[in-house]
Amino acid sequence: MPIYLIARITIKDRQGYGRYEAGFAAVFSQFAGNMLAVDEQPEVLEGEWPCTRTVLIQFPSREEALAWYRSEAYQKLAQHRFDASEGDVVLIDGLPGTEGVNQ
């Protein structure tokens, strides 16, 4: 069953965050994730959405998502994000039968 990572990021230092962005693809491409969306101006239908960037990533499994997130390479790179932004990152389970959608 697929799993989705949702990140709501508030960027405080664009230059610092740029260092994170510059290395992201090289690290991410080593894992089985699929970037589905990155948006800095989502249309808010209800409530408030105070973050400056929203990211949606699909992984084939929770294990694959955690392998990427907990990898030494990603954690080293993520220090730039931690220094330049604040965020909320969650994993949510996909629905049964959605395997292969958008892949």
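The values are calculated or read from the model by the stated rules, or taken from the named source; none is laboratory data. All values derive from a computational prediction rather than experimental measurement. Cβ sites come from the backbone with ideal geometry, for glycine too, and all protein chains shown count toward neighbours. The protein model used for the area step is the full one, side chains on, heavy atoms only, and it has no ligands, DNA or RNA in it. Shrake-Rupley method; radii C 1.70, N 1.55, O 1.52, S 1.80 Å.
Accessible area per residue was computed with a 1.4 Å probe on protein heavy atoms; residue 93 scores about 100 Å². Restriction of the chymotrypsin sites (Phe, Trp or Tyr not before Pro) in region 5-71 to DSSP coil positions whose beta-carbon has at most 12 other beta-carbons within 10 angstrom yields no sites. With helices as the sole contributors, the chain gives -11000 deg cm²/dmol at 222 nm; each DSSP H run of n ≥ 4 counts as -39500 (n - 2.57), and the sum is divided by every residue. For the chain, the longest piece that avoids every one of the GluC sites (Glu not before Pro) found in DSSP loops with at most 13 other C-beta atoms within 10 Å covers 49-98.
In this structure, the amide hydrogen of residue 85, modeled 1.01 Å from its nitrogen in the peptide plane, lies closer than 5 angstrom to those of 12, counting only residues at least 5 positions away or on a different chain. Between the amide H of residue 3 and those of 59, 61, 94, distances stay under 5 Å, these residues lying 5 or more places away or on another chain, with hydrogens modeled in the peptide plane.
Whole-Hz Karplus values for region 24-37 come out as 4, 4, 4, 6, 4, 5, 7, 10, 8, x, 10, 5, 9, 7 Hz, taken residue by residue from phi with 6.51 cos²θ - 1.76 cosθ + 1.60 and θ = phi - 60°; glycine and proline positions read x.
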